[in-house]
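We did not get these values from a lab; they are worked out from the coordinates using the rules stated. For clarity, every value in this text was computed on a predicted model and none was experimentally measured. Cβ placement follows ideal geometry from the backbone for every residue including glycine, while neighbour counts extend to all protein chains displayed.
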């Protein structure tokens, strides 16, 4: 799926690398700052497992993430409200269906 599918659905996206970790809340302010300097866009916990299973099964895999929390440079965490998160999930689903339909 491409960013163009989201653009056609009226959604803005960022494309780039993420930091995958299997340890929630291990992200320190220093580690987050270092990943920002590396140019990473987000921290998530699922993509590495998806890509590993896909590689093992020889199945193409993609990952679309909705951001549920943001962090200020000092480490302060902000949770996205449930309605915004639901709207993002619905938009991702619609864009995915449109992209797969061709």
Folded to 0 to 90 degrees: helix 47-57 orientation relative to the chain principal axis, Cα = 50
Relative to the longest principal axis of the C-alpha atoms of the chain, give the angle of the C-alpha long axis of helix 82-101, reported between 0 and 90° and rounded to the nearest 10°.
-> 40
Relative contact order (percent) for the chain, with alpha-carbon contacts under 8 angstrom and 6 or more residues of separation?
-> 33
Residue-span extension gain [residue 40 to residue 18] - 0.36 nm each, minus C-alpha spacing | 7.4 nm
How much length, in nm to one decimal, is gained on full extension between residue 100 and residue 85, taken as 0.36 nm per residue of separation minus their Cα-Cα distance?
-> 3.1 nm
Arrange the following residues from fewest to most other Cβ atoms within 10 Å of their Cβ: 40, 14.
-> 14, 40
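If you stretched the chain out fully between residue 11 and residue 76, how much longer would it get, using 0.36 nm times the residue separation minus the C-alpha to C-alpha distance? Display every interim value, and only then the final one.
Numbers: separation 65, 0.36 × 65 = 23.40 nm, distance 2.68 nm.
Difference between extended and current length: 20.7 nm.
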Once the Cα atoms of region 3-101 are picked out, what are the Rg and Dmax in Å?
-> 15.0, 43
